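Asks: Can you read through this structure? Questions will come right after.
The values are calculated or read from the model by the stated rules, or taken from the named source; none is laboratory data. The shown structure was predicted, so the numbers you read here are calculated from the model rather than taken from an experiment. Cβ placement follows ideal geometry from the backbone for every residue including glycine, while neighbour counts extend to all protein chains displayed.
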Amino acid sequence: MQAAVLDGVGAKFEVREVELDSPKTGELLVKVAASGLCASDLNAVDGKRTLVPFPAVIGHEASGVVVEVGPDVSGFSVGDHVVMSIVPNCGVCDYCKSGRPNYCTTAGSAMSAGGLFDGTSRLSANGQRLNHFLTVASFAQYTVVPASGAVVIPIEMPLDRAALISCAVLTGYGAVMNTAKVEAGSRVAVFGCGGVGLNIVQGARIAGAKTIIAIDVTQEKLELAKKVGATHLINATTSDPISEVKKICGGVDYAFEALGRESTIQQAWGSVDVDGTLILVGLLKSGAKITIDASPFVNEQSIKGCYFGSSNLRLDVPALCKSYLSGELFLDELISERIGLSELNVAFDRLRKGEGARNVLVFE
C-alpha cells in the first residue's frame, strides 16, 4: 500500500510503498477514507512535542471502513464505517478501571513506543520497522488500530466529515460540554479559531451560551467562527483582546485557549470575570512554562487543563454524528481543502501559516 512516511523532525513527507501486517488480537484492519491535518500532527513534524519515534506514519484524525476484524474482537463487522481515535484503552489498567480510559497506561506506553498495545508495529518498509503515530497512523491507504479506539458510525455519515469528529470536534466540543460544563446563558471567549477553536465556538452555541466571543489574527477564521456560532469577533492584530472582551460583556465566565501559546494564555486569563474559569485546550511545547498574574485568584478565578475534551468515545461520537445529521453540528463549513498524499507537505505549510480551518486528506 502507499503511505506518507516521515523520517524525522523537520523532514518532508515521502510517499512510499509500505507493508502492513494483518491485525492481531484486539485489532482492526481499516481502509482509510479520510484524515484531517491537525496541530498535533504538526507538533510531531516540527518537534514541538515528542510524540513518536521515527521513521513513522503520521495522522490520527481519521475515519474509514473495516476490512478485517482481528481475533477476540466483538462489536465490529467487515464493512462497518468507523471513526478512529487516539484514545484506545485496555480496560484493565488503573485509569481504565477508575473510569478514566482517556488516560489508559497501556495506550500511553504504546504511543510512546510507536507501536500498538503489544509494543510492536504492523508497519514496515524493506524490512525496516515503521512506527504508528498515536496508534492510528492514518496518512496511509490502510491502517491497523486497536478496536477499543474505533467507533462504528451511521452509514449515512459522510466519512470526510466524520474524520473531523475523531479529534478536532471531540476536543473542542468536549472542552465545552465535558471539561468546562458550560451552562446556558454563559459568557464565553475563544482564543484561537483553528479546527479545535471553531468547535469550541459551536460547542458553546449548542450549550446555549449567550455571549460567544471569537478571537484570532485572521479575519477569514473569524468570519467562519461567526458562521458556526460566534456572537462577537475580535481581530487581535488591530484590537487588544482583553479590553475588547471587557467592553463587550465585562469579562467572561469561561475563556478557552486553543493555541498553546503563553501570550494568548495570558490574554485569556485577563478576560475572565469573577468566579470564571480559563480552560487550557491548546498544547504547549514540551517542557514549556507559563507566567500568570496571581491577582485574579482572590476573585476565585480558576485554571483548568483539558485533554481530548474529556471525551467518552462510546457516547460522544454517536451523539456528534446524530447532531451533524440533524443539522445542529456544522462540519461542512470546517473543511478548507481536500488533498491527496502527495500534497501533504504543501498542506502542512498552510497549517504552519495558520491558513484555513481544516485540510483533509482523502482517498478515492
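Asks: Quick one: which helices (runs of 4 or more DSSP H) sit completely within the stretch 209-270 and have at least 2 residues that are farther than 17 Å from Val182 by Cα and touching a Cys at 6+ places or on another chain (Cβ under 6 Å)?
Replies: 219-228
Asks: Restricting to the stretch 67-86, name every residue that is under 20 Å from Leu170 (Cβ atoms) and assigned to a strand (DSSP E or B).
Replies: Residues satisfying the conditions are His81, Val82, Val83, Met84.
Asks: Another question about this same structure. In the set Ser302, Ser311, Ser286, Ser263, which member is among the hydroxyl-bearing types (Ser, Thr, Tyr), surrounded by 17 or more Cβ atoms within 10 Å (Cβ to Cβ) and either on the phi < 0 side of the Ramachandran plot or not assigned by TED's automatic domain parsing to the domain that holds Lys221 (or both)?
Replies: Ser311
Asks: Can you tell me which residue in the stretch 230-257 is surrounded by the fewest Cβ atoms within 10 Å (Cβ to Cβ), limited to those that are in contact with a Leu (Cβ under 9 Å, 6 or more places away or on another chain) and hydrophobic (A, V, I, L, M, F, W, C)?
Replies: That would be Leu233.
Asks: Here's a check for you: in the stretch 4-63, which residue that is modelled with pLDDT under 95 and among the hydroxyl-bearing types (Ser, Thr, Tyr) is farthest from Leu313 (Cα to Cα)?
Replies: Thr50
Asks: From the list Val136, Val188, pick out the single residue that is crowded, with 16+ Cβ neighbours inside 10 Å and not assigned by TED's automatic domain parsing to the domain that holds Leu341.
Replies: None of the others qualify; the one that does is Val188.
Asks: Just one of the numbered conditions (1) under 19 Å from Glu328 (Cβ atoms); (2) touching a residue at least 60 places away in the same chain (Cβ under 8 Å); (3) not in a helix (DSSP H, G or I) is not true of Ile206; which one?
Replies: That leaves (3) as the condition not met.
Asks: Here is a follow-up. Please verify whether Phe117 is touching a strand residue (DSSP E or B) at 6+ places or on another chain (Cβ under 9 Å), surrounded by fewer than 19 Cβ atoms within 10 Å (Cβ to Cβ), assigned to a loop (DSSP other than H, G, I, E, B) and not β-branched (Val, Ile, Thr), treating the condition exactly as stated.
Replies: no
Asks: What number of residues within the stretch 12-36 are in a strand (DSSP E or B) and within 18 Å of Val362 (Cα to Cα)? Give the steps one after another, and end with the answer.
Replies: Step one: filter the stretch 12-36 for residues in a strand (DSSP E or B), giving 14-17, 19-20, 27-36.
This time we only want the ones that are within 18 Å of Val362 (Cα to Cα), so: 14-17, 29-36.
Residues meeting the conditions: 12.
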